[in-house]
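One structure below.
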Amino acid sequence: MVSQTITLTNGSGLHMRPAGVLAQAMAPFASNVTIVADGKEVNAKSLMAIVASGIKCGTEIEVRCEGDDEQAALDAAIGLIESGLGE
Amino acid sequence: MAALEGVAAAPGLGIGSVMIITDPSLDYEPRTVEDASAEKERLRRAIDAFSDLTREKAAVVRERVGDAEAAILEGHILMITDPYMVAEMEGLIDAGQCAEAALEQICEMFATMFEAADDDLTRQRAADVRDIKSGVLCQLLGVREVDVSCVPQGTVLVTHDLVPSMTAGLDRENVVGIVTETGGMTSHSAILARALEIPAVLAVPGAVTSLVEGATVVVDGTEGVVLADPDEEALSQARGRREQYLREKEALQRFVGKKTVTADGCQVELFGNIGSLEDARAVVANDGEGVGLFRTEFLFMDGGAMPTEEEQFRAYQQAALIMKGRPVIIRTLDIGGDKDIPYLGLEKEENPFLGFRAIRYCLAREDVFRTQLRALLRASAYGDVRIMVPLVTGVEELRQVRALIRRYAEEFDREGVACNKDVPVGVMIETPAAALTADILAREADFFSIGTNDLTGYTMAVDRGNDRVRYLYSTFHPAVLRSIRSVIAAGLDAGIPVGMCGEAAADPSLIPLWISFGLTEYSVSPASILATRATIAKWSAADADALARTVMEAATPSEVHKLLRGGVR
């Protein structure tokens, strides 16, 4: 398993649009991708689960990837979050 | 015979038979399933069919209404095809539940989770999840969703709310009137009804239960009244008024393709006020010469999240393209006061109209403003786009906006993105401070546009929404008229165009005053364009000046009103 911690900076938190961007980008990876925030574990391939988690801007989150392509998945997730998830 | 009152949302008179549109029954008998894989296949097919249907609707809505509305529908597809959500439903089916029950439980679980969130945005998504649930249930149960694309001639649609997905295929030939229980002047239903020129009365409480299927009703979209069960006399009276309305509308057709000129040949500009792309098309259909006020708030209110630069750019670009090179004056974000957008996180204020709103908000939130100004600059490459700044109180605000525009234009220059770096920047005159310093503002502004609604409110120090003091709100007050006169004079002295984009610009009793003061541009609702052109054509400068002289001597709003009423042509 690989993981990295990052602070969420996009304006309105993980709402529909950014959550959709993240979930769609993670879908092709074979690895399990999990976001850990405020003690909750959220499946990063699920738009609904991300939205339901209500993670807000400024929250420190940990992205965990586990599987054959875990490093590529982690790099993709961190890159997207750093670039503001399309916002 | 009963008269039901509501909001007059789209003018005209419709006489027809009631068709009540209610949501279909989605009741089902829960079953225990033996063949789980067949049941899962059934669910998958229903989700696919729902997604296809939603995609088609989104395409129609994008074409007829706009990107923001279409994006809401496309979001529904993303949600229902979420692999995690589908897996949860399949788990329940494996445990013996039928597809309907599995769908319902999982959707309700998410809706409840969303509702429990501590921010408005996530809570609003609960309604989306329930919409999706109904849509997929329709597919599973073989129930057809509401379809208004094919209805009998002379139909009056009566429904709780006319949602975009329902109106996408509305049969404009056969629908003669619309009555809803919710909505207001600026709701989707109202914008659509006006664009389709179907008389509409909205926000009629209990319309669905008090009107009878198949009964004849009169929908008076000009007065905002629905006559249920009219007697023979009322019916023939309504027919007479309908014919008169159509005759007057027909008579205005001779002004199509004509310039807007006074009786003595002085030409002015006649633009339309818009709040959506549908409205922009209505401006073209009514022969408007441009857009004098594009309210950009709809982009921010519909989506549930801040529209991106790309989304805003597309909307502004489309407006410019629809207007085919004619002027499009776009007002920067005018929120605050009575217009709240939950995700912007504006605090409740003691005096919202005197508080953190419009340009004050934008200058403090450079991230929000930058996105909008960049989108506007990019759109400026596609037509005669002009930027208008609301609620200006002094020249420093204008300078700050110009500095930002200059900086972003330089960014585009480096990036090789096309934009008009000399995009005209004008001031919306709606505060007494701006009106009293109009001569100073005119040195640096490219144009003025007088917002008579707020200018009246601020000049009279009156909240229009307060019943106790509303009587003081009058554009006919000498204070407001003097203010407008001096603003126009200051603009003309400096050689810049002076427009008006409030309701007063279309008021036939006030138009002679504006002609006398020298107003150069009138911006009115699309439906009022031809009538305004007709009124302007009736007045010569000499006649208007003579009337203005007596009116400006009058002491009270009612004296002014009486004199102007007497002069109406």
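What helices (runs of 4 or more DSSP H) lie completely within segment B:73-177 and have 1 or more residues being within 14 Å of another protein chain (Cβ to nearest Cβ), charged (D, E, K, R) and more than 30 Å from B:Thr216 (Cβ to Cβ)? Reasoning before the result, please.
Values: elements: B:83-94, B:99-115, B:120-141, B:164-167.
Per the criteria, B:83-94, B:99-115, B:120-141.
I'm checking my understanding of the structure. Among residues of segment A:28-87 that are of a type in the set (S, T, N, Q) and farther than 13 Å from A:Met16 by Cα, which one is nearest to the other protein chains (Cβ to nearest Cβ)?
Start the filter on segment A:28-87 by keeping residues that are of a type in the set (S, T, N, Q), which leaves A:31-32, A:34, A:43, A:46, A:53, A:59, A:71, A:83.
Filter once more, so that each one left must be farther than 13 Å from A:Met16 by Cα: A:31-32, A:34, A:43, A:59, A:71, A:83.
Details: A:Ser31: 14, A:Asn32: 11, A:Thr34: 12, A:Asn43: 5, A:Thr59: 12, A:Gln71: 22, A:Ser83: 13 Å.
Ranking the qualifying residues of segment A:28-87, first place goes to A:Asn43.
Quick check on segment B:59-66. Is at least one of its residues over 33 Å from the mean Cα position of the chain (by Cα) and of a type in the set (A, V, I, L, M)? Walk me through how you get there before you give the answer.
Start the filter on segment B:59-66 by keeping residues that are over 33 Å from the mean Cα position of the chain (by Cα), which leaves none.
Checked against the condition, which is being over 33 Å from the mean Cα position of the chain (by Cα) and of a type in the set (A, V, I, L, M), segment B:59-66 yields no hits at all.
State whether one or more residues within segment B:44-52 are assigned to a helix (DSSP H, G or I), more than 27 Å from the chain's Cα centre (by Cα), of a type in the set (Asp, Glu) and farther than 30 Å from B:Gln237 by Cα.
Step one: filter segment B:44-52 for residues assigned to a helix (DSSP H, G or I), giving B:44-52.
Checking the rest, the ones that are also more than 27 Å from the chain's Cα centre (by Cα) come to B:44-52.
In the following step, the residues that additionally are of a type in the set (Asp, Glu) were identified as B:48, B:52.
If we keep only those that are farther than 30 Å from B:Gln237 by Cα too, we end up with B:48, B:52.
For segment B:44-52, residues assigned to a helix (DSSP H, G or I), more than 27 Å from the chain's Cα centre (by Cα), of a type in the set (Asp, Glu) and farther than 30 Å from B:Gln237 by Cα: present.
Any idea which of B:Ile47, B:Ile21, B:Ile106, B:Ile15 is among the β-branched types (Val, Ile, Thr) and either at pLDDT below 90 or surrounded by fewer than 19 Cβ atoms within 10 Å (Cβ to Cβ) (or both)? Let's see the steps before the verdict.
On the way: B:Ile47 fails: either at pLDDT below 90 or surrounded by fewer than 19 Cβ atoms within 10 Å (Cβ to Cβ) (or both); B:Ile106 fails: either at pLDDT below 90 or surrounded by fewer than 19 Cβ atoms within 10 Å (Cβ to Cβ) (or both); B:Ile15 fails: either at pLDDT below 90 or surrounded by fewer than 19 Cβ atoms within 10 Å (Cβ to Cβ) (or both).
Residue meeting the stated conditions: B:Ile21.
So, in segment B:24-40, of the ones that are in a loop (DSSP other than H, G, I, E, B) and among the hydroxyl-bearing types (Ser, Thr, Tyr), which residue ends up surrounded by the fewest Cβ atoms within 10 Å (Cβ to Cβ)? Break it down into steps so the answer makes sense when it comes.
Initially, segment B:24-40 is screened for residues in a loop (DSSP other than H, G, I, E, B), giving B:24-31, B:33-35.
Next, only the ones that are among the hydroxyl-bearing types (Ser, Thr, Tyr) stay: B:25, B:28.
Details: B:Ser25: 8, B:Tyr28: 15.
Looking at the filtered set, the residue picked out is B:Ser25.
Only one of (1) within 14 Å of chain A (Cβ to nearest Cβ); (2) over 18 Å from B:Val328 (Cα atoms) is not met by B:Ala403, so which one is it?
Exception for B:Ala403: condition (1).
Might you let me know whether segment B:255-271 holds any residue that is touching a helix residue (DSSP H, G or I) at 6+ places or on another chain (Cβ under 8 Å), away from every other protein chain (no Cβ under 14 Å) and basic (Lys, Arg)? Spell out how you get there, then give the answer.
Here is the first cut: in segment B:255-271, the ones touching a helix residue (DSSP H, G or I) at 6+ places or on another chain (Cβ under 8 Å) are B:255-256, B:258, B:260-264, B:266, B:268, B:270-271.
Applying the additional criterion that residues be away from every other protein chain (no Cβ under 14 Å) yields B:255-256, B:258, B:260-264, B:266, B:268, B:270-271.
Still in the list and also basic (Lys, Arg): B:258.
The answer is yes, given that some residue of segment B:255-271 is touching a helix residue (DSSP H, G or I) at 6+ places or on another chain (Cβ under 8 Å), away from every other protein chain (no Cβ under 14 Å) and basic (Lys, Arg).
Do you know which residues across segment B:267-280 are outside any loop (DSSP other than H, G, I, E, B) and either in contact with a strand residue (DSSP E or B) (Cβ under 9 Å, 6 or more places away or on another chain) or aliphatic (A, V, I, L, M) (or both)? Reasoning before the result, please.
Within segment B:267-280, the first condition is being outside any loop (DSSP other than H, G, I, E, B), and the residues that meet it are B:267, B:269-274, B:277-280.
Residues satisfying the conditions are B:Gln267, B:Glu269, B:Leu270, B:Phe271, B:Gly272, B:Asn273, B:Ile274, B:Leu277, B:Asp279, B:Ala280.
Output the residues belonging to segment A:33-87 that are basic (Lys, Arg) and modelled with pLDDT of 90 or more. Break it down stepwise before answering.
Applying the first criterion (basic (Lys, Arg)) to segment A:33-87 yields A:40, A:45, A:56, A:64.
Residues satisfying the conditions are A:Lys45, A:Arg64.
Being modelled with pLDDT of 90 or more and of a type in the set (A, V, I, L, M) narrows it down to one of B:Ile341, B:Ile335, B:Ile330, so name that one. Reasoning before the result, please.
On the way: B:Ile341 fails: modelled with pLDDT of 90 or more; B:Ile335 fails: modelled with pLDDT of 90 or more.
Within the list B:Ile341, B:Ile335, B:Ile330, the selection yields B:Ile330.
Looking for whichever is of a type outside the set (A, V, I, L, M), surrounded by fewer than 19 Cβ atoms within 10 Å (Cβ to Cβ), without any contact (Cβ under 8 Å) to a residue 40 or more places away in the chain and under 24 Å from B:Thr371 (Cα atoms) here; the options are A:Gly58, A:Gly84, A:Gly79. Which one fits?
Values: A:Gly58 fails: without any contact (Cβ under 8 Å) to a residue 40 or more places away in the chain; A:Gly84 fails: without any contact (Cβ under 8 Å) to a residue 40 or more places away in the chain.
Only one candidate passes the filter, namely A:Gly79.
Can we say B:Arg569 is touching a residue at least 40 places away in the same chain (Cβ under 8 Å) and more than 30 Å from B:Val328 (Cβ to Cβ)?
Details: touching a residue at least 40 places away in the same chain (Cβ under 8 Å): yes; more than 30 Å from B:Val328 (Cβ to Cβ): yes.
Yes, satisfied.
Restricting attention to segment B:345-373, report how many residues are touching a helix residue (DSSP H, G or I) at 6+ places or on another chain (Cβ under 8 Å) and crowded, with 22+ Cβ neighbours inside 10 Å.
Count: 5.
Can you name the number of the only condition in (1) closer than 28 Å to B:Val328 by Cα; (2) at pLDDT 95 or above that B:Phe476 fails?
Looking at each condition in turn, B:Phe476 falls short on (1).
Where residues in segment B:502-525 are under 20 Å from B:Ala542 (Cα atoms) and assigned to a strand (DSSP E or B), which of them is farthest from the chain's Cα centre (by Cα)?
The qualifying residue farthest from the chain's Cα centre (by Cα) is B:Glu521.
For segment A:1-27, how many residues are over 27 Å from B:Asp367 (Cα atoms), of a type in the set (Gly, Ala, Ser) and more than 8 Å from every other protein chain (Cβ to nearest Cβ)?
In the first step, residues of segment A:1-27 are kept if they are over 27 Å from B:Asp367 (Cα atoms); the result is A:1-4, A:26-27.
Keeping just the survivors that are of a type in the set (Gly, Ala, Ser) gives A:3, A:27.
Then drop every residue that is not more than 8 Å from every other protein chain (Cβ to nearest Cβ), which leaves A:3.
Qualifying residue count, segment A:1-27: 1.
Among the residues of segment B:381-402, what is the count of those that are surrounded by fewer than 20 Cβ atoms within 10 Å (Cβ to Cβ) and under 24 Å from B:Ala320 (Cα atoms)? Show your work before the answer.
If we filter segment B:381-402 for residues that are surrounded by fewer than 20 Cβ atoms within 10 Å (Cβ to Cβ), which is where we start, we get B:381, B:384, B:393-396, B:399-400, B:402.
In the following step, the residues that additionally are under 24 Å from B:Ala320 (Cα atoms) were identified as B:381, B:384, B:402.
Result for segment B:381-402: 3.
Just one of B:Arg374, B:Arg378, B:Arg414, B:Arg386 is in contact with a strand residue (DSSP E or B) (Cβ under 6 Å, 6 or more places away or on another chain), farther than 20 Å from B:Ala489 by Cα and in the same structural domain as B:Leu481 (by TED's automatic domain parsing); which is it? Let's see the steps before the verdict.
On the way: B:Arg374 fails: in contact with a strand residue (DSSP E or B) (Cβ under 6 Å, 6 or more places away or on another chain); B:Arg378 fails: in contact with a strand residue (DSSP E or B) (Cβ under 6 Å, 6 or more places away or on another chain); B:Arg414 fails: in contact with a strand residue (DSSP E or B) (Cβ under 6 Å, 6 or more places away or on another chain).
Of the residues listed, the single one that is in contact with a strand residue (DSSP E or B) (Cβ under 6 Å, 6 or more places away or on another chain), farther than 20 Å from B:Ala489 by Cα and in the same structural domain as B:Leu481 (by TED's automatic domain parsing) is B:Arg386.
Within segment B:92-131, count every residue that is touching a residue at least 60 places away in the same chain (Cβ under 8 Å) and closer than 19 Å to B:Leu78 by Cα.
The number of residues fulfilling the criteria is 4.
Since B:Thr260 meets every condition but one in (1) modelled with pLDDT under 95; (2) touching a strand residue (DSSP E or B) at 6+ places or on another chain (Cβ under 9 Å); (3) not small (Gly, Ala, Ser), which condition does it not meet?
It fails just one condition, (1).
The values are calculated or read from the model by the stated rules, or taken from the named source; none is laboratory data. The model shown is predicted, which means the values in this text are computed figures rather than measured ones. Don't worry about glycine lacking a Cβ; one is built from the backbone with ideal geometry, like all the others, and counts go over all protein chains shown.
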